[in-house]
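The structure appears right after this line, and notes come after that.
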Amino acid sequence: MRSIFPSLISATRLIACTALLAGAGARAETAVYVGNIAPYSYPPEHGERGVLFDLMHEMALRAGHSGDVQVVPLRRELEILRLNPDALGVLARVPDREAHYRWIVPLLRERTLLITSAGSSVDISTLDAARRLRVGVLLGGPAESAARRFGFTHIEATTSVANNARKLAVGRLDALVVLGGVAAVKDVAGKSQRWRDGVVLETTAIYLTGNPGFDAARAQAWQAAFKTMRQDGSYQRIVGHYHYAPIR
């Protein structure tokens, strides 16, 4: 009588191979990330998802992607994009990041500026006046890059804007260096905030960004998707909803 075991073994191998191929297919989709910083992204319970989240979601759909966008801490996003050749995110293009990423297409333009509490008498009107102040920045963010390049001497970096807002409120910091979108957010750390704007240090562009090894053909597909968003006005509608001007 012929043994059924070879057939069972063959069937088992076929099932295993099918599972592996299915897993490979599932993993083939580019992972898409956005940093968890308002107003660029918000948690699901907020209602609105944020300007960069919405841009990435729409662009992903047009590039043949599922549209799934993962919200992660900025430091994690930086590390993922630096190490994973098949991941995309959104980063501000600053000099110390230039060689470590592939800059695919600019999405927004942002100011980097100083802010302090509305009731503070600290002088943040000029760079010379502010350089020796105790300033808070987001660890690894473009504001930290700017503060160091512009010669601030007392920089405290932390992992959230909320932490910096608390330190500012209790007098442990004199001012914050932030992007303009962050300065426009009025609810930080569960409290309504009133800021006073100071000197603008620089203007930078926020890009769709990948690893230097990100596939060129896939990058072109995402560029083409963004182009269609500009052509039909969806890009302008998304950024306008969050009070941004379209990038030129």
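Tabulated data for the structure shown
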{"quantity": "Scan of region 73-95 for residues that are of a type in the set (A, V, I, L, M) and buried (at least 18 other Cβ atoms within 10 Å of the Cβ), ordered by number", "calculated": "LEU74, LEU78, LEU81, ALA87, LEU88, VAL90, LEU91, ALA92, VAL94"}
{"quantity": "Number of the exception - PHE53 against (1) out of contact with any helix residue (DSSP H, G or I) (no Cβ under 8 Å at 6 or more places or on another chain); (2) in contact (Cβ under 8 Å) with a residue 60 or more places away in the chain", "calculated": "(2)"}
{"quantity": "Checking GLU45 against (1) assigned by TED's automatic domain parsing to the domain that holds LYS227; (2) over 23 Å from ARG237 (Cβ atoms); (3) crowded, with 20+ Cβ neighbours inside 10 Å, the condition it does not meet", "calculated": "(3)"}
{"quantity": "When residues of region 239-248 are limited to those that are touching a residue at least 60 places away in the same chain (Cβ under 8 Å) and under 19 Å from ALA183 (Cα atoms), the one surrounded by the most Cβ atoms within 10 Å (Cβ to Cβ)", "calculated": "TYR244"}
{"quantity": "Residue check, LEU61 crowded, with 19+ Cβ neighbours inside 10 Å and in contact with a helix residue (DSSP H, G or I) (Cβ under 9 Å, 6 or more places away or on another chain)", "calculated": "no"}
{"quantity": "In region 147-168, the residues that are at pLDDT below 95, within 19 Å of GLU110 (Cα to Cα) and assigned to a loop (DSSP other than H, G, I, E, B)", "calculated": "SER160"}
{"quantity": "Within region 87-146, tally of residues that are outside the structural domain of TRP222 (by TED's automatic domain parsing) and not in a strand (DSSP E or B)", "calculated": "24"}
{"quantity": "Residues of region 1-42 that turn out to be modelled with pLDDT of 50 or more, part of a loop (DSSP other than H, G, I, E, B) and either of a type in the set (Val, Ile, Thr) or surrounded by 10 or more Cβ atoms within 10 Å (Cβ to Cβ) (or both), as a count", "calculated": "9"}
{"quantity": "Matching residues, region 202-238, being of a type in the set (Gly, Ala, Ser), surrounded by 13 or more Cβ atoms within 10 Å (Cβ to Cβ) and in a helix (DSSP H, G or I)", "calculated": "ALA219, ALA221, ALA224, ALA225, SER234"}
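The values are calculated or read from the model by the stated rules, or taken from the named source; none is laboratory data. Quick caveat, the model's predicted, so the values are computed rather than measured. In this analysis, Cβ positions are derived from the backbone assuming ideal geometry, glycine residues included, and neighbour counts consider all displayed protein chains.
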